[in-house]
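Engineer: I have a structure here, written as structure tokens, and I will follow up with some questions on it.
The values are calculated or read from the model by the stated rules, or taken from the named source; none is laboratory data. Predicted model, so just to flag it, every value in this text is computed and none were measured. Virtual Cβ from ideal backbone geometry, glycine too; neighbours counted across all protein chains shown.
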């Protein structure tokens, strides 16, 4: 038997932390070598918006690999993004991004690390350049990975792509920018447009700079002239399209480019120094709004697979059920458009405990670099979703409400069925979810043939969703009830409340009477669950108007049904 090739995970340790000012805490992941000898620090500044989701896995791979090479790395979320505090519509967003880079560098230096280098991708490269030139960060080496010349050019690209997607859209070069998933207000867009890598500020970017440019996109003369004032090295890549120009779930790890970047950083002379591990901030006060309870967040590892999660809970005690937010497809725990973060904090401010998790192999949960991402309806996710509550509330795991979109909605319904949870909120559950429900039952069989059939059913739903759903409606009358059960009815029959928020895009295309029951929840209101059709909601919750209406419905249901806290304005609690 051949020995397994050691991965960066075998040679490095990563841990979550909050850092930066108490009033604006930032979230990140610190990775370090297994031993105590280190060669300096490297911060990783991610892209923004949808590109951030697509690049997350690649940047985690680089962070762990650099740690295995002897560096301490810090990948982090800018203020207003990811799990850091703040929101995209907060004032001075551009300054918040730049300050986040400076805070990340300062945190590495507070650990006694020198020299400090940085890797920035896309708008992250722009932000790193501006932070270096205006904050005197004094980077030793900087990698500008597929850099944006400016925030203006970045937003212009987003607007052009959105115009191709939406008919009749007009582009306001100085106005707000709406993209799939994210909306930049007029003020936020104005501040981002002011970030210019071609004119970042009076200082230098670093002692040496590596520019990784795309083979299919030219660097402007203005930006090239500015970069030529640095000690600059150039590298061309053809891998960015497969990483960023696709759906995030289809992003391909840019292995050769990442290897070249790490080799370039690795060649810089940096003597080994002893690194003393210090206790990281394990929680942070992330929200304190008038009329609501203050909200603290902490990191958890859950279940046998050590799933990563972030708990949002009110300061002073919680009431009501746990609210569990599940991954959408292979997206991370922040949710579509960062919605799980915003809802967790808002609902915790009303007294509820919330947790957002990553399933095994995605987001920030354990994974093996190079291993393909698991199937979105992987059998293990069904049991993991229920196990989360058995760990968080072992005395009563049924005291839970699951919230999910598409595949997350299906997994939440399965968990609610297993636990007899108080409720499940299913946003756009997948077409053919009853086929998937049958696949879950068959997938747990000891018989190999039935497990193989379960895999075929999942693939059929993914590739031919309406055909699979229609064929199932015709076949289910011949199958035993344990296999052919209606998932929504089964959950409701076991005593759980079910709220379905659905897009008109998901209505059955068939008018045939026998097929009109495909995903029959739109047409029948007497089966023990509630259905609400949301105007303007698309299946992925990308459209801002439909997303806002969906959030309003979730707020009305969850807060009206389960929240009991009516806090009064109070002074800000201490952060420790």
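Engineer: All but one of (1) in a helix (DSSP H, G or I); (2) under 15 Å from the mean Cα position of the chain (by Cα) hold for residue 95; state the number of the condition that does not hold.
Structural biologist: (2)
Engineer: Out of 44, 17, 74, report the one residue that is surrounded by fewer than 23 Cβ atoms within 10 Å (Cβ to Cβ) and modelled with pLDDT of 95 or more. I'd like the intermediate steps shown before the answer.
Structural biologist: Details: 44 fails: surrounded by fewer than 23 Cβ atoms within 10 Å (Cβ to Cβ); 74 fails: surrounded by fewer than 23 Cβ atoms within 10 Å (Cβ to Cβ).
Selected residue: 17, the only one of 44, 17, 74 that is surrounded by fewer than 23 Cβ atoms within 10 Å (Cβ to Cβ) and modelled with pLDDT of 95 or more.
Engineer: Sort through 152, 156, 186 and tell me the only one that's assigned by TED's automatic domain parsing to the domain that holds residue 80, under 21 Å from residue 546 (Cα atoms) and free of Cβ contacts under 8 Å to residues at least 60 places away in the same chain. Lay out the reasoning, then the answer.
Structural biologist: Details: 152 fails: under 21 Å from residue 546 (Cα atoms); 156 fails: under 21 Å from residue 546 (Cα atoms).
Going through 152, 156, 186 in turn, the sole match is 186.
Engineer: Part of a loop (DSSP other than H, G, I, E, B) and within 22 Å of residue 39 (Cα to Cα), is that true of residue 142?
Structural biologist: Numbers: part of a loop (DSSP other than H, G, I, E, B): no; within 22 Å of residue 39 (Cα to Cα): yes.
No.
Engineer: Also, quick follow-up: If only one of 127, 137 is over 13 Å from residue 227 (Cα atoms) and either crowded, with 24+ Cβ neighbours inside 10 Å or not assigned by TED's automatic domain parsing to the domain that holds residue 259 (or both), which one is it? Lay out the reasoning, then the answer.
Structural biologist: Details: 137 fails: either crowded, with 24+ Cβ neighbours inside 10 Å or not assigned by TED's automatic domain parsing to the domain that holds residue 259 (or both).
That would be 127, the only listed residue that is over 13 Å from residue 227 (Cα atoms) and either crowded, with 24+ Cβ neighbours inside 10 Å or not assigned by TED's automatic domain parsing to the domain that holds residue 259 (or both).
Engineer: Report, by residue number, each residue of the stretch 216-243 that is assigned to a helix (DSSP H, G or I) and more than 30 Å from residue 330 (Cα to Cα).
Structural biologist: Restricting attention to the stretch 216-243, the residues satisfying the condition of being assigned to a helix (DSSP H, G or I) are 221-227, 240-243.
Result: 221, 222, 223, 224, 225, 226, 227.
Engineer: Show the residue pairs meeting these rules: Cβ distance below 7 Å; 6+ apart or different chains; first residue within the stretch 490-503 and more than 16 Å from residue 411 (Cα to Cα); second residue surrounded by fewer than 19 Cβ atoms within 10 Å (Cβ to Cβ) and modelled with pLDDT of 95 or more.
Structural biologist: 494/420; 495/420
Engineer: Something else: Being at pLDDT below 95 and either in the same structural domain as residue 45 (by TED's automatic domain parsing) or out of contact with any strand residue (DSSP E or B) (no Cβ under 8 Å at 6 or more places or on another chain) (or both) narrows it down to one residue among 121, 169; which is it? Don't jump to the end; show me each part of the working.
Structural biologist: On the way: 121 fails: at pLDDT below 95.
Every option except 169 fails the conditions.
Engineer: If you don't mind, there's one more thing I want to ask. Considering only residues that are part of a helix (DSSP H, G or I), more than 26 Å from residue 113 (Cα to Cα) and touching a helix residue (DSSP H, G or I) at 6+ places or on another chain (Cβ under 6 Å), look in the stretch 244-282 and name the one that is modelled with the lowest pLDDT.
Structural biologist: The residue in question is 248.
Engineer: Looking only at the stretch 502-527, filter to residues that are modelled with pLDDT of 55 or more and crowded, with 16+ Cβ neighbours inside 10 Å; which one of those is nearest to residue 416 (Cα to Cα)?
Structural biologist: In this case the residue turns out to be 502.
Engineer: When residue 50 is evaluated against the numbered criteria (1) within 20 Å of residue 362 (Cα to Cα); (2) in contact with a strand residue (DSSP E or B) (Cβ under 9 Å, 6 or more places away or on another chain); (3) surrounded by 18 or more Cβ atoms within 10 Å (Cβ to Cβ), which criterion, by number, is the only one it fails?
Structural biologist: Against the list (1) within 20 Å of residue 362 (Cα to Cα); (2) in contact with a strand residue (DSSP E or B) (Cβ under 9 Å, 6 or more places away or on another chain); (3) surrounded by 18 or more Cβ atoms within 10 Å (Cβ to Cβ), residue 50 comes up short only on (2).
Engineer: Continuing with the same structure: If I ask for residues that are crowded, with 22+ Cβ neighbours inside 10 Å and within 19 Å of the chain's Cα centre (by Cα), which ones from the stretch 298-330 would you list?
Structural biologist: Residues satisfying the conditions are 307, 308, 309, 310, 312, 323, 324, 325, 326, 327, 328, 330.
Engineer: Still on this model: Any residue at all in the stretch 180-190 that's under 16 Å from residue 125 (Cα atoms), under 29 Å from the mean Cα position of the chain (by Cα) and crowded, with 17+ Cβ neighbours inside 10 Å?
Structural biologist: In the first step, residues of the stretch 180-190 are kept if they are under 16 Å from residue 125 (Cα atoms); the result is none.
Scanning the stretch 180-190 turns up no residue that is under 16 Å from residue 125 (Cα atoms), under 29 Å from the mean Cα position of the chain (by Cα) and crowded, with 17+ Cβ neighbours inside 10 Å.
Engineer: Okay, next question. Would the stretch 209-216 turn up any residue that is without any contact (Cβ under 8 Å) to a residue 60 or more places away in the chain and surrounded by fewer than 18 Cβ atoms within 10 Å (Cβ to Cβ)? Outline the logic, then answer.
Structural biologist: At the first step, the residues of the stretch 209-216 found to be without any contact (Cβ under 8 Å) to a residue 60 or more places away in the chain are 215-216.
If we keep only those that are surrounded by fewer than 18 Cβ atoms within 10 Å (Cβ to Cβ) as well, we get 215-216.
So far as the stretch 209-216 goes, yes, one or more of its residues are without any contact (Cβ under 8 Å) to a residue 60 or more places away in the chain and surrounded by fewer than 18 Cβ atoms within 10 Å (Cβ to Cβ).
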